[in-house]
Structures are given as C-alpha cells and as structure tokens.
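I have placed the structure first, in the form of structure tokens, so that the comments after it can refer back to it.
The values are calculated or read from the model by the stated rules, or taken from the named source; none is laboratory data. Keep in mind it's a predicted model, so treat the numbers as computed, not measured. Ideal geometry is used to build each Cβ from the backbone, glycine not excepted, and the neighbour counts take in all protein chains shown.
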Amino acid sequence: MTKVININKSTEEGVQDLLKHLLESGKVKAIFTLKALPENKNGEAVSYSLFTSVDAVAQSAPLFPLMSRNAAGLLSLLTQKSEAPVPTAVLARPCELRAFVELVKRIKGNMDNLFLISSTCGGVYPTKMAVGGGVKNDLPNYWSAVNSGEIPANIRPICKGCEEFVPFTADMTILVVGSNDASKECSIFLNTPKAEEFAQGLDGNVTDQELPADKIQQMREARGAEKKKLYEEAGIGSLGLKGLTEIFSKCINCRGCRTACPICYCDLCTIDSQNFAYQLTESEITQKGGMRVPTGTVYYHMTRLAHVTISCVGCGSCEDACPVDIPLAPIFKKVGESVQAIFDYVPGKDPDEEIPLKTFELDELTEVED
C-alpha cells in the first residue's frame, strides 16, 4: 500500500497548498510549474515558470489542461549543463516526465536536486483552442468528464488515445483521473520515502491505499479504443511509402514539429547541414519536367521517424505545432509503438534502463538475420 494524503479541498486548491507547504517548510527552494499570465485578457494563457515566492503560488495553474510547451525541453534547457542549484519541485504531466527521462539518458538534462510531482492525466487541449477563450469556456465540460471517468471531448486527439496517463517516476502522484470528486477532495499519493518526508506537516488526512485500479483500467480501455479509432481514421495501418508521401505532401518545411518535439534534441540537425542542400541540375529539370519546392519534405519526416520513435512519448506537441494539420502524432505514435515493442522498451519508464540504440547484444534481432 502507498501512503496518501487527502486534503479536504478541490484538487487545484490542494495542490496549491502542497506547493506553499514545500516552499514554506524549506523542503524546496523553487517551484517549476504552469503559471497563469495575468496580462492575458482571456484569462487562460499559461506558461511554465520557475518561481521562489510563496505569494506566486496563487498564480500557479499546475493542472490547467494546456501544454504550451512540453516541459521536458524546458527542463533540459535549465539542467543540461549542471543540476538544479537548489532543491526544486517540478510539476509536469506523465508524458513530459517520460520525455525528460529520455533527455537525461542522452546527457541533455539532470534529475538531481529535482522533486518530481505528476498526476493521473486527463489530457490537454490543442493550443489553438486557447485563442479567443475556447479553453476557458470548455473547462466545466473537461472537469465534468474527468470526474465521471470519461474522456473530455475537445482534448488533443492523441491524448484521447493515450494509455500511459499514470506517471512512472513521480515522487508524488496527484489523483485526477480516477478521483471520486476532484472539486471536493485532493488525494496525493506519496510514492517515495522522500515524498513522505516532504509531506510531513501538510494539513490533511494520511491513509494507506492504492490508485483505484478499476477506474484506471476502465479509462485505459476507453483510451485504447480511441487510439485504435484514431489509427483507423488516419489510415496508418496501410499507408506505405505512397501513403506517407501523400500525407506529408502538405508539409511546408517550417520544421515546427522538430522545434516542439522534446526528443529532437540535437544542437545541429543533420537536415539543416550543407550536406543535405539540394543540388539543382539542368538535366534533372529536363527529365522531371519540374519539381515541388520545398524539396525533401518526405525525407525530412522519415529522418525524424528514424531518430525519435524509440523514445516518442506520444505527447502530440509535433501535431499541435503543425500549421497545415498533418496527423503527425498518430503516425509517430504508431511507428514508435512498433519500434519500442521490438526492444521491449517503454520510453521514460526506468531512468536506469539504457536506450536500446546505445546497447548491443549478440542475440537481438535474430529474426532479420540471413
């Protein structure tokens, strides 16, 4: 059984109480989480922020269902040169923590001095919905669905099909999906001895229990069905090279998906090097009778597939950033699952497990040998 602290407040208020407690007790010196931007007239713009003031907790929005940027990339920027200089609490979603673990394995981040908090995740809205107050207007429907154990209607399609909504590496897990009533009670699971230590003095009732397995399984099955539906609608099972060429034909080569992707970590992308500059020849124009510009869009996406799918966490940031609505998330998720299954690898699950691409075993992939 796991120690759980139950706070008789809404989940959002209870989490803010937790953050205040962590700062006031001196257990941490800084908080990294979503924070509302008060200058925004819609009242729903949020951004990841790092703050040290207890007063700033009132503006925090740790469970706001919007992913302005995948937190993994931001944590990488803050910690890749060295560990956090002071004990810092990080509150991020399961897919964000998983992506950060994958970056740490690539020496692009440091988990030391970080206290990790996550939640059973209800999913996030597409960032485009935040324009004009769309998210704010739909929030009651979102929380009503989550509290009822249902999938919110307007979240990112890939979130609807996400089966990894329970965090692996969090010191604390906030019960959102599976909660009886998030408007009346905040339940925080203390997964590690460090979490139990940090929770001492926090106002609430401590009990021993486990995550509600029946509700979690019910949601996982519902999301599995949504994922299957998403794959079918995108026609991923029978795309082939011709199908991929057609889908990626809309690409304008903005590379926004690469910028948004937390797993695209290279300082210099090989696609941007002069080695891949297109060599235009008169004979080629004569033979082809013309060509599409920009060139190499299919090659670009195939290269990204080859580079990131072993560690793709299915966050949907790539598709969210695409200005021409290419269904990138289900494509990368489907290919990622296939590659990960070959190596029996779940990205971000175990910080101590090596990335398969960094290991070599004589008896692996024997089925492809002559």
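A few points about this structure:
This table checks each residue for (1) over 13 Å from V4 (Cα atoms); (2) outside the structural domain of L114 (by TED's automatic domain parsing); (3) surrounded by 13 or more Cβ atoms within 10 Å (Cβ to Cβ); (4) over 19 Å from the mean Cα position of the chain (by Cα).
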position	(1), (2), (3), (4)
N191	no, no, yes, yes
G201	yes, no, no, yes
D208	no, no, no, yes
L211	no, no, yes, yes
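- Considered as a group, the residues in the range 1-46 that are assigned to a strand (DSSP E or B) and at pLDDT below 90 include one that is surrounded by the fewest Cβ atoms within 10 Å (Cβ to Cβ), and that residue is A36.
- Extreme residue, nearest to A213 (Cα to Cα), among residues of the range 176-194 that are part of a loop (DSSP other than H, G, I, E, B) and modelled with pLDDT of 95 or more: N191
- Restricting attention to the range 66-105, the residues that are in contact with a Cys (Cβ under 9 Å, 6 or more places away or on another chain) and of a type outside the set (D, E, K, R) add up to 7.
- Residue match in the range 97-117 (condition: over 30 Å from A30 (Cα atoms), among the aliphatic types (A, V, I, L, M) and either at pLDDT 90 or above or more than 18 Å from the chain's Cα centre (by Cα) (or both)): no
- Search result, residues across the range 259-289 that are charged (D, E, K, R), loosely packed, with under 10 Cβ neighbours inside 10 Å and at pLDDT below 75: E282, K288
Yes/no per residue for (1) charged (D, E, K, R); (2) at pLDDT 95 or above; (3) not in a loop (DSSP other than H, G, I, E, B):
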site: V298; (1), (2), (3): no, no, yes
site: K334; (1), (2), (3): yes, no, yes
site: L362; (1), (2), (3): no, no, no
site: E367; (1), (2), (3): yes, no, yes
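- Just one of the listed residues (G134, G122, G149) is out of contact with any His (no Cβ under 8 Å at 6 or more places or on another chain) and either of a type in the set (K, R) or buried (at least 22 other Cβ atoms within 10 Å of the Cβ) (or both), namely G122.
- Test for L34: is it touching a Gly at 6+ places or on another chain (Cβ under 8 Å), aliphatic (A, V, I, L, M) and closer than 22 Å to L175 by Cβ: no
- Failed item in (1) within 18 Å of the chain's Cα centre (by Cα); (2) more than 26 Å from V177 (Cβ to Cβ); (3) surrounded by fewer than 22 Cβ atoms within 10 Å (Cβ to Cβ); (4) touching a residue at least 24 places away in the same chain (Cβ under 8 Å), with R69 passing the rest: (2)
- Extreme residue, surrounded by the most Cβ atoms within 10 Å (Cβ to Cβ), among residues of the range 213-247 that are assigned by TED's automatic domain parsing to the domain that holds H21 and either of a type in the set (S, T, N, Q) or under 21 Å from I188 (Cβ atoms) (or both): M219
- Top-ranked residue in the range 151-189 [being of a type in the set (D, E, K, R) and more than 20 Å from the chain's Cα centre (by Cα); ranked as nearest to V28 (Cα to Cα)]: E185
- Test: residue in the range 210-230 that is touching a strand residue (DSSP E or B) at 6+ places or on another chain (Cβ under 8 Å), farther than 30 Å from T270 by Cβ and either part of a helix (DSSP H, G or I) or at pLDDT 90 or above (or both): yes
- Of residues in the range 329-344 being in contact (Cβ under 8 Å) with a residue 24 or more places away in the chain and aliphatic (A, V, I, L, M), the one surrounded by the fewest Cβ atoms within 10 Å (Cβ to Cβ): V335
- In the range 75-84, the residues that are without any contact (Cβ under 8 Å) to a residue 60 or more places away in the chain and in contact with a helix residue (DSSP H, G or I) (Cβ under 9 Å, 6 or more places away or on another chain): L75, T79, Q80, A84
- Sole residue being within 24 Å of G161 (Cβ to Cβ), in the same structural domain as C186 (by TED's automatic domain parsing), among the small types (G, A, S) and in a loop (DSSP other than H, G, I, E, B), chosen from G73, G132, G123: G123
- Any chance V206 is in a strand (DSSP E or B), farther than 29 Å from G336 by Cα and touching a helix residue (DSSP H, G or I) at 6+ places or on another chain (Cβ under 9 Å): yes
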